[in-house]
Every structure is written in structure tokens, then in C-alpha cells.
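Chemist: Just dropping this structure here.
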Amino acid sequence: DTEVTQTPKHLVMGMTNKKSLKCEQHMGHRAMYWYKQKAKKPPELMFVYSYEKLSINESVPSRFSPECPNSSLLNLHLHALQPEDSALYLCASSQVGGQGINYGYTFGSGTRLTVV
Amino acid sequence: AQSVTQLGSHVSVSEGALVLLRCNYSSSVPPYLFWYVQYPNQGLQLLLKYTSAATLVKGINGFEAEFKKSETSFHLTKPSAHMSDAAEYFCAVIPNSGGYQKVTFGTGTKLQVIP
């Protein structure tokens, strides 16, 4: 299995809703990432988990709450979002360190989030 | 801090023509370099990567890229464009320093293929 699976593919939520994005991989990767991508822009890093521990939080607002329950799963809990949070949210996974050949992300297809 | 620059936010080529997408990096130590492709409303798909094994790297869909240390470049080429190549292309760099992989993306180049 060489895929990163993200659900749902599309999500529309109100500003008072609570929802969660899910990401799953079975490649044995021990680093997992959340990215946010606005239209016509490159992805922007939000969070990095390494060995199921949060390693990087790129000053993301607290209305985004990541969770890594095990080495295969990554969640992003959403609460009280703003319309400007509408974007494509991408999950990725990778090896941690090792040889150069191991480098490179595998991305999921993303969740298209619309906040109304 | 390392960075990557993609020259040209939009590139148009005719079907069957050569595709050349430019990427230059800035790093005191040669990093790992990547090209990703993104089709509309999709995630990013790895096209190819340079990890110091060979300077000419062949990827999927007929694309290849050559690492040139003297020019700090990693340009993406394809001899003959297909309509299906129309997409956004991102050059990316990861430092050669181990640990988790913090990627720096270029700003992207949108490739248009004209019939």
C-alpha cells in the first residue's frame, strides 16, 4: 500500500461547527504532516508529527487541533473556523531520516474545506 | 535558510513541443530536490527526486530533471508535451540533514498545453 488516504474529500461547515479531517497511511512512515493550500499557492506547513509526537506547530490558530492516535492515523480537529480558513487541506507522510532514497513525501488527495 | 525559485508562474507549450520548467535552489550544501505535479482539486504527486545518486533523474510520465550543482538548478523537462500534462508543477527542497523532512516549496508553475 503506497497511498495516503484522506477523508472526507469535501467538507462544508458553519463557523460554529466542530468537524474532523482524517488521514491514514500504511507505508510504515513515522512522520506525518498537515498542510494548508490556498488557490494558486504552494502548500503551507501547519503541523509535523514525528513518531506520533508533535514536532512542529507553525503558529497555527488554536481552532485547528491536530491529533496522532497511532503511527498510521492523523486527525485534524476543526472548531469555530472562519471563512478565510477555506482551503485544500493536505496530509502527507514520509520516512524519518535514513538514506536519501527514503526522502520525499507521499501526499493524500486532500480535503476541500469550505467554511460558510 | 534554503529556498527554491521557480522562474515563470505560467508556461504555455504546444502539444508535442519540449517542456522546460525552471527551478533554482539556494543552499550551501546540496539538498534533496523534488518535482511534484498537482492536477486540479488533487493532492501533489511525486514526479521525480534527486537524492545524490545520479545527476540525471528520470521520473514518471516521461519527465526528467538534471541536477547541476554549478548552476544550482534542477530544471524539469519532457521531450514532447501531451494534453494530459497540463497541471501545476512545484519544485521542492529538503535539507540534507536527517530527521523529519521539512519541505520548502517553490511558488509553482502552471503548465498549459495548447492543441
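Read the figures in this text as sums done on the coordinates, not as results from a lab. These figures come from a predicted structure and were not determined experimentally. Cβ sites come from the backbone with ideal geometry, for glycine too, and all protein chains shown count toward neighbours.
Chemist: Relative contact order for segment A:21-68 using alpha-carbon pairs under 8 Å, separation at least 6, rounded to a whole percent?
Modeler: About 27 percent, as a whole number.
Chemist: Something else about it: Roughly how far apart, in whole Å, are the Cα centres of segment A:28-91 and segment B:31-72?
Modeler: Centre-to-centre distance over Cα atoms comes out at 25 Å.
Chemist: So between A:Arg63 and A:Glu84, what do we pick up on full extension, going 0.36 nm a residue minus the alpha carbon distance? Don't skip to the end; give the middle numbers.
Modeler: Working: separation 21, 0.36 × 21 = 7.56 nm, distance 1.25 nm.
Fully extending the segment from A:Arg63 to A:Glu84 adds 6.3 nm.
Chemist: I would also like to ask the following. Say the dipole of the protein assembly as shown comes from +1 at the beta carbon of Lys and Arg and -1 at that of Asp and Glu; which of A:Gly14, B:Gln42, B:Met83 then lies farthest toward its positive end?
Modeler: With unit charges placed on the Cβ atoms, the residue in question is A:Gly14.
Chemist: Kindly give the semi-axes, whole Å and largest first, of the ellipsoid equivalent to segment B:66-115, taking each as the square root of 5 times a Cα gyration tensor eigenvalue. Intermediate values should be presented prior to the final figure.
Modeler: On the way: eigenvalues 142, 42, 15 Å².
Its equivalent ellipsoid spans semi-axes of 27, 15, 9 Å.
Chemist: In nm, to one decimal, how far is the modelled label at B:Glu15 from the one at A:Thr5, with both set 7 Å along Cα→Cβ?
Modeler: The two pseudo-label positions are separated by 3.6 nm.
Chemist: Can you give me the three principal axis dimensions of chain A from its C-alpha atoms, in Å, biggest first?
Modeler: Rounded to whole Å, the extents work out to 44, 27, 25 Å.
Chemist: For B:40-53, what's the mean count of beta carbons from other chains sitting within 10 Å of each residue's beta carbon?
Modeler: Working: counts 0, 6, 6, 16, 12, 3, 4, 0, 1, 5, 2, 6, 3, 3.
So the per-residue partner count for this stretch is 5.
Chemist: Rounded to the nearest 0.05, what FRET efficiency do B:Asn96 and B:Asn61 have when you use their Cβ-Cβ distance and R0 = 25 Å?
Modeler: 0.40
Chemist: Can you give me the relative contact order of chain A as a percent, contacts being Cα pairs under 8 Å and 6 or more apart?
Modeler: For chain A, the relative contact order is 36 percent.
Chemist: Still on this structure, please answer the following. Tell me the relative contact order for chain B as a rounded percent, counting alpha carbon contacts under 8 Å between residues six or more apart.
Modeler: 37
Chemist: Using the eigenvalues of the Cα gyration tensor, what equivalent ellipsoid semi-axes result for chain B when each is taken as the square root of five times the eigenvalue, whole Å, largest first?
Modeler: On the way: eigenvalues 113, 41, 31 Å².
So the equivalent ellipsoid measures 24, 14, 12 Å along its semi-axes.
Chemist: Take the residue pairs A:Lys22/B:Lys68; B:Lys58/B:Lys102; B:Lys69/B:Lys110; A:Lys41/B:Lys49; A:Lys38/B:Lys49 and return only those whose Cα atoms are more than 32 Å apart.
Modeler: Table pairs above 32 Å Cα-Cα are A:Lys22/B:Lys68.
Chemist: What distance in nm lies between label points placed 7 Å from Cα along the C-beta direction at A:Lys38 and A:Leu54?
Modeler: Taking the simple label geometry, A:Lys38 and A:Leu54 are separated by 2.3 nm.
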